[in-house]
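K.L.:
Below are the C-alpha cells for one structure; questions will follow.
Rule-based calculations on the coordinates, nothing more; no lab input. This structure is a prediction, so every number in the text was calculated from the model and none was measured. Here the Cβ is made from the backbone with ideal geometry for all residues, glycine too, and neighbour counts use every protein chain on show.
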C-alpha cells in the first residue's frame with residue numbers, strides 16, 4: 001500500500017481537524033513535531049499552509065471511514 005493510501009485525518013488525536021495527527025501517524029513522526037512544523041510554516045508561508053491544511057481536512061478520509 002502506498003503512503004498516499006495511508007494518510008488519513010485522525011480526529012481522535014487531533015486538535016483541530018486531525019490533519020497533523022494523521023500525517024504524523026502515516027510517516028511515523030510525533031504529533032507534536034508535525035504541529036510545530038505546521039505552525040512554523042504558517043508564519044513563513046501562511047496562504048500556502050492554510051490552503052493545503054483546509055484542502056487536506058476536506059479531502060482526506062477519516063480513519064473511521066476506512067475501517
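K.L.:
Find all pairs meeting these conditions: Cβ atoms under 6 angstrom apart; at least six residues apart or on different chains; first residue within segment 9-22 and surrounded by fewer than 18 Cβ atoms within 10 Å (Cβ to Cβ); second residue outside any helix (DSSP H, G or I).
P.N.:
Qualifying pairs under 6 Å: 11/18; 11/62.
K.L.:
Still on this structure, I have one more. Which condition number does residue 58 fail, the rest of (1) out of contact with any strand residue (DSSP E or B) (no Cβ under 7 Å at 6 or more places or on another chain); (2) surrounded by 11 or more Cβ atoms within 10 Å (Cβ to Cβ); (3) in a helix (DSSP H, G or I) being met?
P.N.:
Only one criterion in (1) out of contact with any strand residue (DSSP E or B) (no Cβ under 7 Å at 6 or more places or on another chain); (2) surrounded by 11 or more Cβ atoms within 10 Å (Cβ to Cβ); (3) in a helix (DSSP H, G or I) is unmet by residue 58, namely (2).
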